[in-house]
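Structure record follows, encoded as structure tokens.
The values are calculated or read from the model by the stated rules, or taken from the named source; none is laboratory data. All values reported here derive from a predicted model rather than from experimental measurement. Cβ placement follows ideal geometry from the backbone for every residue including glycine, while neighbour counts extend to all protein chains displayed. SASA here: full protein model, heavy atoms, side chains in, ligands and nucleic acids out. Shrake-Rupley method; radii C 1.70, N 1.55, O 1.52, S 1.80 Å.
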Amino acid sequence: MKILLLSVTAGYGHHATAKALADLFEQKGAEVQIVDVYEYISKMIQQALAKGYLLSSKYTPELYRLFYDKTSQTKEKLNKMNIVKLVNTLGAFRFESFVENFEPDAIVCTHVLAAHLVSQMKQRGMVTAPSIGIATDYCIHPYWEDVLYMDGLVTASELITQTAVKRGIPEERLLPFGIPVHPKFNRHIAKEEARRQLGLDVERPVLLVMSGSMGYGDCAETVQHITNTGVDFQILAVCGNNKKAYQHLNDFLGWYTGSCSIRVMGFVDNVDMLMSASDCIITKPGGLTVTEAIAKGLPMILANPIPGQEERNVEFLLNNGMAMLVTKTFPLDEVLYALLNNPVRIQTMHETIAALGHPDASERLVTYVMDLVKERQEQAGLLHHMKTGTDDKY
């Protein structure tokens, strides 16, 4: 069985979701290939898209928010997909040869623009394999309503089904499996054991600070706010590929003399272990990161959301009692104080996360796709048998 996973480089989460699914498909014996569709079609377009998303959402956030809000209006008169349709129409003919050579039994898209390309190709008969899209945020990006020919859309929760239907997506196409994350986030590791493995004090509280992969937020400022609470925290600060944040934090450590112990890290591959050891995570509300935290049952303090989809993530998580939010008028030290002194709030956050989370999302999706392929193959085999059987009579 061949599975084609398609993504687009615009933030880290889409590719990470594809990689998590690829590992699980391969474990079940499938042949898998991950492709950035625009890198294949045109590296110039791929780079422009990646840089354009970064620049618009980071340096002109109000304009990005305005664009997102306008395209989210169901009665918007402007055709928001004109440019995407043009690029994908031209790109479809180039990408068709790749699909024909690989001959996938199923296609899974972890980005809406990749799904739009496949949808156009299915409309033109260039693709016949079952195709599934994945919405990697706790909302429905306005572009999904223009993806008309996919066989299914995976959503983060049953609680956004109404939103999807209001946006014109048929309910029978919705697959509320949850956002897929790597299976390692489903493995339970006792907090004490995780702290021992990481060389942490088992008794002292641990806070995990995650910096955005695209350079959002000031990780050093976040850590500084934590140290102002007067609580003897163990702080795990993960900067990822954000070299600026990493340098700022090390500069801060150069003069910090307080009681908190601070461990500064760049890119790591043991986020699951760090989450297992922690009492709370302070993070930008990217869809994949918060889903990993939910899988680990970890209460969240959210900060620095990107305008658009991440602001919608905040709304979902706050309104459903899984997180708290840092704002200009409710800074981090005050959020921490309010949370630490409200054990009922902490308990209800744990209970809500356990009730609403989908830690088995990856397994459910992979099983669904493989069963769908087998069903299609059996139907094709039956039709072939019926046809050849009829032909044999003549």
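Summary of packing: across the peptides 107-115, 335-343, 286-294, the per-residue average of other C-beta atoms within 10 Å ranks them, highest first, as 107-115, 286-294, 335-343. In a DSSP loop and with at most 16 other Cβ atoms within 10 Å, the chymotrypsin sites (Phe, Trp or Tyr not before Pro) in segment 103-185 are 149. For the pair residue 100 and residue 355 in one chain, pulling the backbone fully straight at 0.36 nm per residue adds 87.5 nm over the alpha carbon distance.
Pairs of Cα atoms nearer than 8 Å and 6+ residues apart set the relative contact order; for segment 297-383 it is 29 percent. Computed over protein heavy atoms with a 1.4 Å probe, the accessible surface of segment 246-394 works out to 50 Å² per residue.
Extension gain for the segment residue 345 to residue 161, taken as residue separation times 0.36 nm less the Cα-Cα distance, is 63.5 nm to one decimal. Among the trypsin sites (Lys or Arg not before Pro) in segment 295-361, those located in a DSSP loop and surrounded by at most 12 other Cβ atoms within 10 Å of their own Cβ are 328.
Solvent-accessible area assigned to carbon and sulfur over segment 282-361 amounts to 54 percent, based on a 1.4 Å probe.
Relative to one another, the C-alpha centroids of segment 341-376 and segment 144-167 are positioned 17 Å apart. When the listed pairs 184/243; 244/296; 184/284 are checked against a 25 Å cut-off, the alpha-carbon distance exceeds it for 184/243; 244/296.
Peptides 97-105, 250-258 ranked from most to least packed give 97-105, 250-258, packing being the mean of other C-beta atoms within 10 angstrom over each peptide's residues. Round to a whole angstrom and tell me the spacing of the C-alpha centers of segment 102-137 and segment 279-326. Measuring centre to centre over Cα atoms gives 28 Å.
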